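The values are calculated or read from the model by the stated rules, or taken from the named source; none is laboratory data. Given the structure is predicted, the values throughout are model-derived calculations rather than measurements. Here Cβ is always computed from backbone atoms with ideal geometry, including for glycine, and neighbour counts include all displayed protein chains.
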Amino acid sequence: MSEAKVVLDRDDMRRTLVRIAHEIVEKNPAQQIAIVGIHRRGAVLGARLHALVAELLDREPPLGDIDIAFYRDDVATRPSAPVVHASHLDFPLDGLTVVIVDDVLYTGRTVRSAIEAIFDYGRPARVQLAVLADRGHRELPIRPDYVGKNLPTAREERVNVRVEELDGVDEVTISAASTATSEVTAP
């Protein structure tokens, strides 16, 4: 694959997030939902999902974002220091259903790290996972509750998620590893 193939464009991403928001509201009691995005693009998608869920509920559930840089299991073996962002979980987690939002689910290691980070802030009643794209190749027993699009990929391919807020465009592409410009998959 020499060029990146667009699998979700701006309109597809919006429709996908609207569908996921409906699924979250249908599956959970309204007063018990909190949305927590994983930095970076998961946090952006989490904020979008939060707005959609709030619109459906006519109330704003708690919104947070989490940095997993120091929870990663490869932090000591990475060639460069991790980029660290602030986490914002300014609400009690106890008794809530926390919906973790990420852009791409790959090996499951990023999600495992996010779960560990969340439990350092409190003990939610349940933790659910919403991902824009699931590309397979799991190394840990992690399964999303809400999936935007399943993308069967080869390990040597890259799934690239770009969001308007950070990249100037909303799209999900698949490319060969050597042509990826901004891969945003789990390690």
Among what's in the stretch 45-67 and is farther than 13 Å from Asp102 by Cβ and acidic (Asp, Glu), pick the residue that is farthest from the chain's Cα centre (by Cα). Asp58
Check off (1) closer than 23 Å to Arg10 by Cβ; (2) in contact with a strand residue (DSSP E or B) (Cβ under 6 Å, 6 or more places away or on another chain); (3) not in a strand (DSSP E or B) for Ala114 and give me the number that stays unchecked. (1)
In the stretch 1-50, anything assigned to a loop (DSSP other than H, G, I, E, B) and of a type outside the set (S, T, N, Q) is listed as Met1, Glu3, Ala4, Asp9, Pro29, His39, Arg40
State yes or no: is Val99 in contact (Cβ under 8 Å) with a residue 60 or more places away in the chain, within 14 Å of Gly37 (Cα to Cα) and either assigned to a strand (DSSP E or B) or touching a Leu at 6+ places or on another chain (Cβ under 8 Å) (or both)? yes
Evaluate the following for Pro124: is it surrounded by 20 or more Cβ atoms within 10 Å (Cβ to Cβ), over 26 Å from Gly168 (Cβ atoms), in contact with a Leu (Cβ under 7 Å, 6 or more places away or on another chain) and at pLDDT 95 or above? yes
Hey, among the residues in the stretch 8-46 that are surrounded by fewer than 16 Cβ atoms within 10 Å (Cβ to Cβ) and of a type in the set (A, V, I, L, M), which one's farthest from Tyr121 (Cα to Cα)? Val18
How many residues of the stretch 48-89 are of a type in the set (Gly, Ala, Ser), surrounded by fewer than 16 Cβ atoms within 10 Å (Cβ to Cβ) and modelled with pLDDT of 95 or more? The answer is 1
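Yes/no matrix, rows are residues, columns are (1) within 13 Å of the chain's Cα centre (by Cα); (2) among the aliphatic types (A, V, I, L, M); (3) farther than 24 Å from Leu52 by Cα:
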position: Leu105; (1), (2), (3): yes, yes, no
position: Ala114; (1), (2), (3): yes, yes, no
position: Val131; (1), (2), (3): yes, yes, no
position: Leu140; (1), (2), (3): no, yes, yes
position: Lys149; (1), (2), (3): yes, no, no
position: Pro152; (1), (2), (3): no, no, yes
position: Arg155; (1), (2), (3): no, no, yes
Picking from Val161, Val127, Val104, Val147, which residue would you name as being in a strand (DSSP E or B) and in contact with a Phe, Trp or Tyr (Cβ under 9 Å, 6 or more places away or on another chain)? Val127
